[in-house]
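Undergrad: Supplied in structure tokens, the structure appears directly below.
The values are calculated or read from the model by the stated rules, or taken from the named source; none is laboratory data. Since the model is a prediction, treat every value here as computed from it, not as a measurement. Note that we place each Cβ from the backbone using ideal geometry, even for glycine, and neighbour counts take in every protein chain shown.
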């Protein structure tokens, strides 16, 4: 079996084509099992080993249930994904995915709660965190190359009673952007020369061009890289090929999302939000539907449990 998945979907098409959970589930099956069903328990891909179990509300048999003769276990397409054990209808999940992947500055959990008629803010927040967790890329095996811009900033939202440049209750973030390519941003414990250089060495291919501002922490990058910097303190923002405009553009989107949509982000959850902004940036040249599909393909093997503390 090789399911067909439409690469391009708009919001109205998602609503029209997936009016029921059965239709939404079939779409997810086509994404996860595009080359045929695979048991999430034993990874068996022999189609002759699978049998479908008819849904039965009275016996609490859910739709889409299958049985694997290889490991003798039951499963659905949601097992081993962020959808597992969720009581939110799958069609609402698809709409939420589209809204998050297509909104340049993000969508607040309160907005999703209202528009998807979710039961509570906590439900909506857990839903958005699950999606962000799925969008998070695992450890990278490749490195950025060519010309890479590196910069750092402080994220956390506006604070009353403090100056514009205050770092109170904010978290440092380092971002590396390959020109014409992808971005990698992550939280750093402290903005130090060691941490900045480690970020470059961990993510950038040796011999690449590295563009930074004149922050002292970047000094010494010439060892292994073609390092150039611009002196922002003296009003220099572009000098030939040297500039950090691309990475600053990414930070601009991130901060507009924090201030305008989320208002404040804790250090604990900031990595999840960075994963969301990284994904949208990395698929910025794709359509909204393609960007959403690329995100849904990351759902497998992602589980997130969350405990709220009052």
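Undergrad: Given (1) over 25 Å from the mean Cα position of the chain (by Cα); (2) at pLDDT below 95; (3) within 26 Å of residue 129 (Cβ to Cβ), where does residue 56 come up short, assuming only one miss?
TA: Single failed check for residue 56: (3).
Undergrad: Being within 18 Å of the chain's Cα centre (by Cα), more than 21 Å from residue 94 (Cβ to Cβ), exposed (fewer than 14 other Cβ atoms within 10 Å of the Cβ) and modelled with pLDDT of 95 or more narrows it down to one of 266, 252, so name that one.
TA: Going through 266, 252 in turn, just one is within 18 Å of the chain's Cα centre (by Cα), more than 21 Å from residue 94 (Cβ to Cβ), exposed (fewer than 14 other Cβ atoms within 10 Å of the Cβ) and modelled with pLDDT of 95 or more: 252.
Undergrad: Any residue in the stretch 253-281 that's on the phi > 0 side of the Ramachandran plot and touching a residue at least 40 places away in the same chain (Cβ under 8 Å): show its pairings with residues that are part of a loop (DSSP other than H, G, I, E, B) and surrounded by 16 or more Cβ atoms within 10 Å (Cβ to Cβ) at Cβ separation under 7 Å, as long as the two are six or more apart or on different chains.
TA: Filtered contacts from the stretch 253-281: no entries.
Undergrad: Identify all residues within the stretch 34-66 that are closer than 12 Å to residue 78 by Cβ and either exposed (fewer than 11 other Cβ atoms within 10 Å of the Cβ) or out of contact with any helix residue (DSSP H, G or I) (no Cβ under 7 Å at 6 or more places or on another chain) (or both); write none if there are none.
TA: 40, 62, 65, 66
Undergrad: Within the stretch 96-103, does at least one residue satisfy the condition of being exposed (fewer than 15 other Cβ atoms within 10 Å of the Cβ) and touching a residue at least 24 places away in the same chain (Cβ under 8 Å)?
TA: no
Undergrad: Another one. Run residue 149 past the list (1) surrounded by 15 or more Cβ atoms within 10 Å (Cβ to Cβ); (2) within 20 Å of the chain's Cα centre (by Cα); (3) touching a residue at least 60 places away in the same chain (Cβ under 8 Å) and report the number of the one that doesn't hold.
TA: Unmet for residue 149, out of (1) surrounded by 15 or more Cβ atoms within 10 Å (Cβ to Cβ); (2) within 20 Å of the chain's Cα centre (by Cα); (3) touching a residue at least 60 places away in the same chain (Cβ under 8 Å): (2).
Undergrad: Looking only at the stretch 127-146, filter to residues that are surrounded by fewer than 16 Cβ atoms within 10 Å (Cβ to Cβ) and within 30 Å of residue 87 (Cα to Cα); which one of those is modelled with the lowest pLDDT?
TA: 138
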